[in-house]
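A.B. asks: Below is one structure. I have some questions about it.
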Amino acid sequence: MQQTRIIRACALAAALLPMQVTAQQAGDWPTKPVTIINPFTPGAVTDIEGRLYAQKLSDNTGKNFILDYKPGAGATIGAAYVAKTTGDGHTLLIATSGLTIAPMIFNNLGFDPLKDLAYVSMMTKRAPPLIANAKFPPNNGGEYIAYAKANPGKINFGTSGATGAGHLSMQLLHQLTNTKVTFIHYKGGGPTQTAVMSGEVDVIISSVIGSKGILKTGKVKAIAMLSSQRTSAMPDVPTMAEQTIPTWEYPAWLGIATTGTTPVPILNRINTELVKVAKDPVLAEKLADDASFMVGNSRQEFTQFVNGEAARWAKLVKDLGIKLEP
């Protein structure tokens, strides 16, 4: 009997040991530099806000948070890389709305964005402007749609990635308004800004924080906000919804995800640090001036949001019969 008790006690201790080790690892996280994968090229809002977050995380934890870039395929190249990494919390991903669209667009991703990634916390939501070359005739949303109707296929629209949220959102708007444009795809927001300044494309979706510099050059102009309401950062720029489809808007958000194999205690630890950054008043004020609003929600809330967005996009694509261009 005594020997049986000893065996059971040893078995229980062995079973609890991994839990104790995981909890200890979570408490120590991060134990080394953390890489944050940006699935777009440098220069866009993912880069700008990602750097701000990385710096604040470094300040708060005393460990280095470093951005690395793996752009392409609507953000899925970077996401696939993170999904297959070791689940120790030291490789993170800047998640975007493109991941909620990817499952219905790509047949051979090699991973499932909704199942193979753990969504830790939303960073920000933002109000994106539609930026046009200064020589582009339309000056607001209504004129833009009228020009597109009068000149089918003539507008060159630069996107930060084929089949990304920007591409799909604008394709939906043009389908709803019976208009057609020519989409030209790049691997991130930085190249699209260069293209619209040079006149290589007529319009792009940007961000307030990402477009301030190029607006000062006089080579481009903001003709519409793609959010449901105007923003104090650009109060004189009307929304596209005001002059076109009242219910239409482009959902712009950023968050942090990591591989789905990451233990829950480590995910909770990362979430705690992300929420701490989101509550930083100095950073929140800085981003609010650029029409980005800090969120910092729970893992459960962010995961539920991502799944809901994926279902919403799937329904829209099916109901409207949207055919995506290559």
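The values are calculated or read from the model by the stated rules, or taken from the named source; none is laboratory data. Just so we're clear, the structure is a prediction, and the values are computed from it rather than from any experiment. Because the Cβ atoms are built from the backbone with ideal geometry, glycine has one as well, and the counts that use them run over all protein chains shown. Areas reflect the complete protein model, heavy atoms only, side chains present, ligands, DNA and RNA absent. Shrake-Rupley method; radii C 1.70, N 1.55, O 1.52, S 1.80 Å.
A.B. asks: Looking at segment 151-185 only, could you name the residues that are without any contact (Cβ under 8 Å) to a residue 60 or more places away in the chain and assigned to a loop (DSSP other than H, G, I, E, B)?
C.D. replies: Of the residues in segment 151-185, the ones without any contact (Cβ under 8 Å) to a residue 60 or more places away in the chain are 151-159, 174, 178-182, 184-185.
Scanning segment 151-185 gives Asn151, Pro152, Gly153, Lys154, Ile155, Asn178, Thr179, Lys180, Val181.
A.B. asks: Would you confirm whether any residue within segment 99-106 is among the β-branched types (Val, Ile, Thr), crowded, with 24+ Cβ neighbours inside 10 Å, in contact (Cβ under 8 Å) with a residue 40 or more places away in the chain and within 30 Å of Pro263 (Cα to Cα)? Lay out the reasoning, then the answer.
C.D. replies: Applying the first criterion (among the β-branched types (Val, Ile, Thr)) to segment 99-106 yields 100-101, 105.
Retained after the next criterion (residues that are crowded, with 24+ Cβ neighbours inside 10 Å): 100-101.
Next cut, in contact (Cβ under 8 Å) with a residue 40 or more places away in the chain only: 100-101.
Next, only the ones that are within 30 Å of Pro263 (Cα to Cα) stay: 100-101.
Yes.
A.B. asks: If you don't mind, there's one more thing I want to ask. Among the residues of segment 3-22, is there at least one that is within 24 Å of the chain's Cα centre (by Cα), over 20 Å from Ala278 (Cβ atoms), modelled with pLDDT under 95 and of a type outside the set (Gly, Ala, Ser)?
C.D. replies: Checked against the condition, which is being within 24 Å of the chain's Cα centre (by Cα), over 20 Å from Ala278 (Cβ atoms), modelled with pLDDT under 95 and of a type outside the set (Gly, Ala, Ser), segment 3-22 yields no hits at all.
A.B. asks: Restricting attention to segment 57-78, and to residues there that are among the charged types (D, E, K, R) and not in a strand (DSSP E or B), which single residue is nearest to Ser207 (Cα to Cα)? Don't jump to the end; show me each part of the working.
C.D. replies: Going residue by residue through segment 57-78, those that are among the charged types (D, E, K, R) are 59, 63, 68, 70.
Pick out the ones that are also not in a strand (DSSP E or B) and you get 59, 63, 70.
Values: Asp59: 26, Lys63: 29, Lys70: 20 Å.
Applying the filter and picking the extreme gives Lys70.
A.B. asks: Could you list all residues from segment 25-53 that are in contact with a Gly (Cβ under 7 Å, 6 or more places away or on another chain) and of a type in the set (Phe, Trp, Tyr)?
C.D. replies: If the condition is that a residue be in contact with a Gly (Cβ under 7 Å, 6 or more places away or on another chain) and of a type in the set (Phe, Trp, Tyr), then Trp29, Phe40 are the ones that fit.
A.B. asks: Here is a further query. Looking at segment 181-201 only, could you name the residues that are of a type in the set (Lys, Arg) and modelled with pLDDT of 95 or more?
C.D. replies: So the first thing to find is which residues in segment 181-201 are of a type in the set (Lys, Arg), and the list is 187.
Answer for segment 181-201, where residues must be of a type in the set (Lys, Arg) and modelled with pLDDT of 95 or more: there is none.
A.B. asks: Still on this structure, I have one more. How many of the residues making up segment 128-150 are open to solvent by 30 Å² or more (accessible area, probe 1.4 Å) and either farther than 14 Å from Ala222 by Cβ or part of a strand (DSSP E or B) (or both)? Walk me through how you get there before you give the answer.
C.D. replies: Step one: of segment 128-150, the residues open to solvent by 30 Å² or more (accessible area, probe 1.4 Å) are 134-135, 137, 139-140, 143, 146-147, 149-150.
Right, trim to either farther than 14 Å from Ala222 by Cβ or part of a strand (DSSP E or B) (or both) and you get 135, 137, 146-147, 149-150.
The total comes to 6.
One line per residue, one yes/no per condition, for (1) more than 30 Å from Phe111 (Cβ to Cβ); (2) at pLDDT 90 or above:
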site	(1), (2)
Val203	yes, yes
Val237	yes, yes
Met240	yes, yes
Gly255	no, yes
Pro263	no, yes
Asp289	yes, no
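A.B. asks: Out of everything in segment 190-201 that is of a type in the set (S, T, N, Q) and under 21 Å from the mean Cα position of the chain (by Cα), what residue ends up being least open to solvent (accessible area, probe 1.4 Å)?
C.D. replies: That would be Thr192.
A.B. asks: Quick one: which residue in Ile209, Ile223, Ile204 is part of a helix (DSSP H, G or I) and open to solvent by less than 40 Å² (accessible area, probe 1.4 Å)?
C.D. replies: Working: Ile223 fails: part of a helix (DSSP H, G or I); Ile204 fails: part of a helix (DSSP H, G or I).
None of the other options fit; the residue is Ile209.
A.B. asks: What pairs come up if the first residue lies in segment 56-74 and is free of Cβ contacts under 8 Å to residues at least 12 places away in the same chain, the second is open to solvent by less than 60 Å² (accessible area, probe 1.4 Å), and their beta carbons are under 6 Å apart, counting only those six or more places apart or on different chains?
C.D. replies: Ser58/Phe65
A.B. asks: What residue, of Thr86, Thr46, is buried (at least 18 other Cβ atoms within 10 Å of the Cβ) and in contact (Cβ under 8 Å) with a residue 60 or more places away in the chain?
C.D. replies: Working: Thr86 fails: buried (at least 18 other Cβ atoms within 10 Å of the Cβ).
Result of the check over Thr86, Thr46: Thr46.
A.B. asks: Let me ask something additional. Can you find even one residue in segment 91-98 that is part of a loop (DSSP other than H, G, I, E, B), buried (at least 20 other Cβ atoms within 10 Å of the Cβ) and not hydroxyl-bearing (Ser, Thr, Tyr)?
C.D. replies: Within segment 91-98, the subset part of a loop (DSSP other than H, G, I, E, B) is 97.
Filter once more, so that each one left must be buried (at least 20 other Cβ atoms within 10 Å of the Cβ): 97.
Filter again for not hydroxyl-bearing (Ser, Thr, Tyr), leaving none.
Checked segment 91-98: no residue is part of a loop (DSSP other than H, G, I, E, B), buried (at least 20 other Cβ atoms within 10 Å of the Cβ) and not hydroxyl-bearing (Ser, Thr, Tyr).
A.B. asks: On the given criteria, is Ala54 at pLDDT 85 or above, hydrophobic (A, V, I, L, M, F, W, C) and not in a strand (DSSP E or B)?
C.D. replies: Numbers: at pLDDT 85 or above: yes; hydrophobic (A, V, I, L, M, F, W, C): yes; not in a strand (DSSP E or B): yes.
Yes, satisfied.
A.B. asks: Those residues that are on the phi > 0 side of the Ramachandran plot and open to solvent by 60 Å² or more (accessible area, probe 1.4 Å), I need them from segment 61-80; list them, please. Give the derivation first.
C.D. replies: First, pick out the residues of segment 61-80 that are on the phi > 0 side of the Ramachandran plot: 62, 72-75.
Within segment 61-80, Gly62 is the sole residue that qualifies.
A.B. asks: Same structure again: Go through (1) at pLDDT below 95; (2) not in a strand (DSSP E or B) one by one and return the number of the condition Lys125 breaks.
C.D. replies: (2) is the only condition that Lys125 fails.
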